[in-house]
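Shown next, in structure tokens, is the structure this report addresses.
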Amino acid sequence: MTAPSSRTTQRWQPAPGEHELARAPVSFATGAVGRVADRRWFRDDERRDIQAELPGWPAGPTYRLRSRVGIALGTTLKVVGALGLIALAAVLGGTGVGPSASEPLGEPEDPENETRDFPVLWAAPGTLARTLPWQLDPARRPDTDVTHAVLTDHRLLVLGALDDPRDPWEEVLWEVELSDIATVERRKFSTARRDFRIVFTDGSWCRLTSRDGERLLSHLAPLRDTVSH
């Protein structure tokens, strides 16, 4: 299912007879609102935290649900800041900016995993999602590194690279055959609606985000939003 990491000295190329369909930067998603805002968790199918069990993963932050007091204070500060920007724009003769200037969230499709908890990895022991690379986690990955998802007509890969166009090396961190992917689903309840979920045939899944995710989803999740392979 997965292959050992292999560092190259140039941009990754598909194997002979294989065709690259799309690529896009990708990371584990992040909670958007309320008690899960700016947080993410890694769970097994009993909702236990498993990040300490994932092989080869370095230590990362341990999140707790945000307190209701903190949420209320943060909301107040955001409203005050938005009103201040509106007033400043009015003084300067602008059209005004405020909360409506940002793209709204969709309706929660899965509140248990979007507003009351925010797992980005759901994986029982021995399942595919547990093999995903830790570099997908922005809280663990160095600021100088990036991760890209690459889709071919045979497989989905995660590549690691430096965030420097002058250094063309790319490293294969993980890969999976398309036959091991059950469904790919757009998740509408996310900041800028960039999240998507990949469900593997063993029932495990991951929630990812990408500012250019449509490059991938146009192939993996067409108009009806969920496609089986």
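The residue list Ala29, Ala3 contains one member that is under 23 Å from Leu128 (Cα atoms) and modelled with pLDDT of 95 or more, which is Ala29. In the set (1) polar (S, T, N, Q); (2) under 26 Å from Gln13 (Cβ atoms); (3) surrounded by 20 or more Cβ atoms within 10 Å (Cβ to Cβ), the condition left unmet by Thr152 is number (3). Pairing each residue of segment 116-127 that is more than 8 Å from Asp44 (Cβ to Cβ) with any residue that is outside any strand (DSSP E or B) and of a type in the set (Val, Ile, Thr), provided the two are 6+ apart or on different chains, yields C-beta distances under 6 Å for Phe118/Val36.
For (1) among the charged types (D, E, K, R); (2) farther than 23 Å from Arg116 by Cα; (3) in contact with a Ser or Thr (Cβ under 8 Å, 6 or more places away or on another chain), each residue gets a yes or a no:
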{"residue": "Val172", "(1), (2), (3)": "no, yes, yes"}
{"residue": "Ile181", "(1), (2), (3)": "no, yes, yes"}
{"residue": "Arg193", "(1), (2), (3)": "yes, no, no"}
{"residue": "Cys206", "(1), (2), (3)": "no, no, no"}
{"residue": "Arg211", "(1), (2), (3)": "yes, yes, no"}
{"residue": "Leu217", "(1), (2), (3)": "no, yes, no"}
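Please work out if Ala182 is assigned to a helix (DSSP H, G or I) and farther than 21 Å from Gln51 by Cβ. Criteria not met by Ala182. Taken over segment 130-145, residues that are part of a strand (DSSP E or B) and modelled with pLDDT of 95 or more amount to 0. Of the residues that make up segment 185-206, is at least one surrounded by fewer than 21 Cβ atoms within 10 Å (Cβ to Cβ), in a strand (DSSP E or B) and among the basic types (Lys, Arg)? Scanning segment 185-206, I find at least one residue that is surrounded by fewer than 21 Cβ atoms within 10 Å (Cβ to Cβ), in a strand (DSSP E or B) and among the basic types (Lys, Arg), so the answer is yes.
Please determine whether any residue of segment 116-129 is surrounded by fewer than 20 Cβ atoms within 10 Å (Cβ to Cβ), of a type in the set (Gly, Ala, Ser) and part of a loop (DSSP other than H, G, I, E, B). Yes: segment 116-129 contains one or more residues that are surrounded by fewer than 20 Cβ atoms within 10 Å (Cβ to Cβ), of a type in the set (Gly, Ala, Ser) and part of a loop (DSSP other than H, G, I, E, B).
For Val158, indicate whether it is under 14 Å from the mean Cα position of the chain (by Cα) and either assigned by TED's automatic domain parsing to the domain that holds Pro133 or of a type in the set (Asp, Glu) (or both). Step through it out loud before you land on a result.
On the way: under 14 Å from the mean Cα position of the chain (by Cα): yes; either assigned by TED's automatic domain parsing to the domain that holds Pro133 or of a type in the set (Asp, Glu) (or both): yes.
Yes: the conditions hold for Val158.
Within segment 175-188, the set of residues being within 22 Å of Arg39 (Cα to Cα) and at pLDDT 90 or above comprises Glu185, Arg186, Arg187. Reported count of residues in segment 186-208, each being acidic (Asp, Glu) and over 19 Å from Arg43 (Cα atoms), is 0. Among the residues of segment 18-52, the ones that are of a type in the set (Val, Ile, Thr) and under 23 Å from Ala149 (Cβ atoms) come to 3 in all.
The values are calculated or read from the model by the stated rules, or taken from the named source; none is laboratory data. Just so you know, these numbers come straight off a predicted model, no measurement behind them. Note: ideal-geometry Cβ built from the backbone for every residue, glycine included; neighbour counts use all protein chains shown.
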